[in-house]
1. Report every pair of residues separated by at least 6 positions or lying on different chains whose Cβ atoms are under 9 Å apart, first residue within segment 361-381 and exposed (fewer than 14 other Cβ atoms within 10 Å of the Cβ) and of a type in the set (Gly, Ala, Ser), second at pLDDT below 95 and not in a loop (DSSP other than H, G, I, E, B).
2. If you go through segment 562-576 one residue at a time, do you hit one that is in a strand (DSSP E or B), surrounded by fewer than 14 Cβ atoms within 10 Å (Cβ to Cβ), at negative phi and among the β-branched types (Val, Ile, Thr)?
3. Can you tell me which residue among Gln298, Gln325, Gln333, Gln279 is over 19 Å from Glu403 (Cβ atoms), assigned to a loop (DSSP other than H, G, I, E, B), at pLDDT 95 or above and within 25 Å of the chain's Cα centre (by Cα)?
4. For segment 443-472, enumerate the residues that are over 19 Å from Met415 (Cβ atoms) and either free of Cβ contacts under 8 Å to residues at least 60 places away in the same chain or touching an Asp or Glu at 6+ places or on another chain (Cβ under 8 Å) (or both).
5. Just checking, which of Asp153, Asp79, Asp179 is loosely packed, with under 14 Cβ neighbours inside 10 Å and either touching an Asp or Glu at 6+ places or on another chain (Cβ under 8 Å) or touching a residue at least 12 places away in the same chain (Cβ under 8 Å) (or both)?
6. Consider segment 342-365. How many of its residues are assigned to a loop (DSSP other than H, G, I, E, B) and touching a strand residue (DSSP E or B) at 6+ places or on another chain (Cβ under 9 Å)?
7. Can you run down the residue pairs with Cβ atoms below 6 Å, 6 or more apart or on separate chains, where the first is in segment 394-411 and farther than 28 Å from Phe328 by Cβ and the partner is among the β-branched types (Val, Ile, Thr) and in a loop (DSSP other than H, G, I, E, B)?
8. Output the residue which, of all residues in segment 291-329 that are in contact with a Lys or Arg (Cβ under 8 Å, 6 or more places away or on another chain) and of a type in the set (Val, Ile, Thr), is farthest from Thr362 (Cα to Cα).
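The values are calculated or read from the model by the stated rules, or taken from the named source; none is laboratory data. This one's a predicted model, so the numbers in the text were calculated from it and none came from an experiment. All Cβ positions, glycine included, derive from the backbone under ideal geometry; neighbour counts span all protein chains shown.
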Amino acid sequence: MKRILLFSTLFLVTMAVVAQESFMVKTETRYWDNSKTFAGYTMFGTRGVTYLIDLEGHVIHTWNIGTNPRFTDDGMLLDAVGGNPSNQNIWKELDWTGNTVWQYTETRSNYHGHHDFTKIYNPKLGDSTFLYIANKDLTAQQCLDAGCDPQYDYTGSQMDAIVEVNRAGTVIWEWCFFDHVVQDMFPAKSTYGIIANTPGRINLNIRGNHVKSDWMHCNSLDYNETLDLIVVNSVHGEFYVIDHGNTFIPNQPANSIALAAGTAGDFKYRFGDPAKYNQGDPPSVLDNWEKATAGNKQLGGSHDIQWIRPGLPGEGNFLVFDNAQNLFELTPQSYIIEINPYLNAAGVNTGNFVNPPDAGYTIVGSPDPNLMKENKKVSKQIVWKYSSKNNTSFYSTIGSSAERLPNGNTLVCAMNDGHFFEVYPSDTSIVWEYTNPMTRDGIKKIKVDNYPTYNGVFRAYRYAATDPGLVGHDLTPGATMTGDPPSYWTPGSITDVLEKEGTHDQGNILNQNYPNPFTDGTTIEYEIAQPAMVTLVIYDLAGNQVKSLMHQNLATGKYSLTWNGKNDHGVQVTSGMYIYILKADNQQLAKKMIYYN
């Protein structure tokens, strides 16, 4: 019981670290409520290696590939070679032991694979195929002929394509944005149309964003086998649904590609920024230029679009990681957004795609004035949204992912800080949290203040032990990535201590040690309000005593002690976070410190 109370004290003192520590963050598993998490194993790629870990952070297995890995339905590991999501032209399937069982290389010089890919079952073909995103080169003349504004230079322009290849590596279908464009500058051209009346095509001359290299910057795609549809997401804050089934003819690649390039390949649905097709207001600065509005824009810098899988809570809805860049919020933060594309203005599920502007918007204010956000228009098709209460706790400017789990939880990966966490749906509490320890400078037990993606992870996935990729394999836990035993908080860590919260500070003072972090030694100053038996003890994050600095009766007054980083046995401790607790009779105070050796 004494250890539980001590651990509870540590939990309260360091709770800010669980949510978000400004400069010093303990890596690996930081919190785990095993009564609410979805039991399984988490997969992520970092620095060219794929890791499979359990919820305590033990490494179960690794593969020598690590860009954007995931298991296929038949249990193979699928990933791109090279470690860079932005540039990839070789993809592999590996078995459990790392043997290559399938490989595809994009050899065409005018196609540049990037960001996302997936293995699907093509029901019309009756076989598995491979889809990937690639930037397709365009000539300047092609752009001008299509109706691009001639005041700009279009040298080096590209538009994204979605390419499908069979198991033999033959291209059997392709869809490209360039085949689905509209412009309102040149009536004589075939691409001419009224932008607001043509939501199924992309405007070639979007204000301030003319066609150029990597123009759409699509970063994720998903396939719905039941509907035979594809969804693809652009970083500019829109995603698009494309008809695969009605544009694919088995064993007729040329005819399939031609069909996908025609009107049958126009968007069936788009969501995120209706101003791009003149059916909404763009973001803008308000009359008071210190404030701005997002207009009707719902997404900014978004990633990881997907359909929620059949059988899962929210099945059939879209789930997307809204990084929320370029949303013109005074204080930005990221969101996880679930969208039902079939809802109309009355909130009725029509069973058919409804243009988001037709569904309408709700004016939503800030839930707390300290967030310093303006009211904004939120689409009525958004049925669930997650964001941290403190907008500085969860924000990622790049990459990132979200995954709906079978128990209704949502697994989130925020790329900037290599930060994974699992959200409980009813109260959006955090039930598991992990920070990637692999950095540009190797494995770190403590992540200090660094530029974004220092320990970045593009995506993370959770797999049950019954997944085909895991069945029949040795899942015995190994060491953690850092080699340290797991050390994390649990709900039991706060048992009983809340009842004693009022006894923690009744006149005594414990100051922050200095320097902090420290290497050679640090000073701890404290003040005793009245004569008492006083102890000052240092503990590790597991609640184990490391060093007793003082145990004696003291008179009222100010005192100081130093600690050189050695434990009670005279052995130098390892780098990491420690807690020092001052007790005076039945009163106690605690603070955290960081030591580096």
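1. Gly365/Lys376
2. yes
3. Only one candidate passes the filter, namely Gln298.
4. Residues satisfying the conditions are Lys445, Thr466, Pro468, Gly472.
5. Asp153
6. 7
7. That search, which allows pairs on different chains as well, returns Arg404/Ile308.
8. Ranking the qualifying residues of segment 291-329, first place goes to Ile308.
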